[in-house]
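The values are calculated or read from the model by the stated rules, or taken from the named source; none is laboratory data. Everything numeric here is computed off the predicted structure, so don't read it as measured data. Using ideal geometry, Cβ is built from the backbone for each residue, glycine included, and neighbour counts are taken over all protein chains shown. Note: areas computed on protein heavy atoms with side chains; ligands, DNA, RNA excluded. Shrake-Rupley method; radii C 1.70, N 1.55, O 1.52, S 1.80 Å.
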Amino acid sequence: MSIYLSILAITSCKRDFPVSGTVSGDDVFPTKKLENPYSVFNMKRAFHRLMSEGAVSLRQNPVHTTHYYVRFEPSDWAEYEALKSVKGLELFDYPLDYENYEYEGSFHDPGLPADKPTYQYAAVPVDFQFPNVPYTLLEELYLPEEDEALSRDTTLLYQLEDKALEITGNWEEPVNGGNDSERYGRWRPSGRILVHDDVGAYGNMISYLNLWDRHKIPVENARVRIRRWFTTVRAVTDEKGYFTSPRRFRRPVNYSIIWETPEFDIRDGTFGQAYYNGPKMRANWYLTITGGKSLRYATIHRAACRYQYYNIGGLKRPNVWSKLKYCYYYRAQRNDAEGDNWGNWDFTGAFPDIRIFGKSYGEWIPTNQLYSTTIHETAHASHIELMNGGEIQYAQVSKRIYESWA
């Protein structure tokens, strides 16, 4: 199975989504590896360079291991799901010490079989309790802002980071770098996520949501990830699509959306985690999604949130063994069905609960139908749980009954 990456050409802080090209998953990794400025080795180099330049007075070198940069190597989907369930662990399916690249969907390492989980990369604190999943320690890290002992000496903290970036060839001007008095100042990334909808908002909702185009609908409850090298924080979009980082940064950050919530997960195909891996910017991120896989991910997300979080008139919300898994396929189903419900047949939590397809009878499914199909298939998941016999009893019910129920 070949997995494709869409490389986006986002050149400004606001971008409609149409993709500019594709790179096959069989190709090599699409960007180059960078020398890691946050390795303990390079941070010690940076400190000694500052000493030799007379920038800091004689003192003990503060650099020590605060984090590990690791590559998790799950051997099967049960281990992958166990890894995904670790609370607070930010996983990436691509290395963190490479140049930023932008794509929608998922990345699968071309050196691994397509039916096996891909590597998962993360930066974890030294006291992290590793799950029973194979991993490789790639590098010991020193993250100055995570060092409580250095937190009161912000001048040394920033000098050390600046020098490490400089000597490893990764220098970037601070966002406030043009003003010497604010050179060590930090900014708080924020933005707004909107998505095209074929039907759109009506009446007072247009002004309430602050929309100039009723077809551009806010994406609520989206998990936006804000990353600077090995430091990642999450922000959640509000009902109007706005988000604000819980943390300030000095330099440009990488923005991305991971299409998951505590209650459900959206997949790229059967297993790949769905992402919108966006730009690296020194400004706020205002994104309007108008096409590609991400238009479908965002629409499925909106419908799943409707069923999980909003008023559904007393209907039962689905509560499966693990997160409800919506698997989106950027193609047609063989029988031209728009979606189906697989039920939660396995106890690993790895396989699909609901499958959604992008095309039917040769045409891309409109967003309102995709939204409706997601609601319909979610209702099947809820129906299964209401039955005493679960999936086994559900499988014995006539199609007329379970389809009319949904």
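Summary table below
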| read-out | value |
| --- | --- |
| Residue, nearest to Lys33 (Cα to Cα), within the stretch 83-129, restricted to residues that are assigned to a loop (DSSP other than H, G, I, E, B) and among the small types (Gly, Ala, Ser) | Gly111 |
| Every pair of residues 6+ apart whose Cβ atoms lie under 8 Å, when the first sits in the stretch 152-165 and is farther than 15 Å from Arg49 by Cβ and without any contact (Cβ under 8 Å) to a residue 40 or more places away in the chain while the second is open to solvent by 20 Å² or more (accessible area, probe 1.4 Å) and part of a helix (DSSP H, G or I) | Leu157/Glu145 |
| Index of the failed condition, Tyr69 passing every other in (1) open to solvent by 10 Å² or more (accessible area, probe 1.4 Å); (2) over 15 Å from the mean Cα position of the chain (by Cα); (3) not small (Gly, Ala, Ser) | (1) |
| Which numbered condition Ile258 fails, given (1) among the β-branched types (Val, Ile, Thr); (2) under 22 Å from Pro95 (Cβ atoms); (3) open to solvent by 20 Å² or more (accessible area, probe 1.4 Å) | (3) |
| Contacts under 8 angstrom Cβ, first residue in the stretch 248-265 being free of Cβ contacts under 8 Å to residues at least 24 places away in the same chain, partner surrounded by fewer than 21 Cβ atoms within 10 Å (Cβ to Cβ) and β-branched (Val, Ile, Thr), 6 or more apart | none |
| Some residue of the stretch 118-133 being surrounded by 11 or more Cβ atoms within 10 Å (Cβ to Cβ) and in contact with a Lys or Arg (Cβ under 6 Å, 6 or more places away or on another chain) | yes |
| Of residues in the stretch 294-317 being assigned to a helix (DSSP H, G or I) and small (Gly, Ala, Ser), the one surrounded by the fewest Cβ atoms within 10 Å (Cβ to Cβ) | Ala303 |
| Count of the stretch 147-182 residues which are under 24 Å from Arg59 (Cα atoms) and modelled with pLDDT under 85 | 7 |
| The lone exception for Asp268 - which of (1) modelled with pLDDT under 95; (2) charged (D, E, K, R); (3) more than 23 Å from Phe92 (Cβ to Cβ) it fails | (3) |
| Residues being open to solvent by 90 Å² or more (accessible area, probe 1.4 Å), at pLDDT 95 or above and part of a loop (DSSP other than H, G, I, E, B) - total across the stretch 25-52 | 0 |
| Conditions (1) touching a strand residue (DSSP E or B) at 6+ places or on another chain (Cβ under 8 Å); (2) within 20 Å of Val224 (Cα to Cα); number of the one not met by Lys87 | (1) |
| In the stretch 231-256, the residues that are among the β-branched types (Val, Ile, Thr), out of contact with any helix residue (DSSP H, G or I) (no Cβ under 8 Å at 6 or more places or on another chain) and not in a loop (DSSP other than H, G, I, E, B) | Thr232, Val233, Val236, Thr244, Val253 |
| Condition check for Ala381: more than 24 Å from the chain's Cα centre (by Cα), modelled with pLDDT under 85 and under 22 Å from Val199 (Cβ atoms) | no |
| Subset of the stretch 201-210 [outside any helix (DSSP H, G or I) and open to solvent by 20 Å² or more (accessible area, probe 1.4 Å)] | Tyr202, Gly203, Asn210 |
| Filter result for Ala55 (surrounded by fewer than 18 Cβ atoms within 10 Å (Cβ to Cβ) and not in a helix (DSSP H, G or I)) | yes |
| Positions within the stretch 42-74 being of a type in the set (Gly, Ala, Ser) and in contact (Cβ under 8 Å) with a residue 12 or more places away in the chain, in sequence order | Ala46, Ala55 |
| Criterion violated by Glu90 - all others in (1) open to solvent by 30 Å² or more (accessible area, probe 1.4 Å); (2) within 29 Å of Phe264 (Cα to Cα); (3) charged (D, E, K, R); (4) modelled with pLDDT under 95 satisfied | (4) |
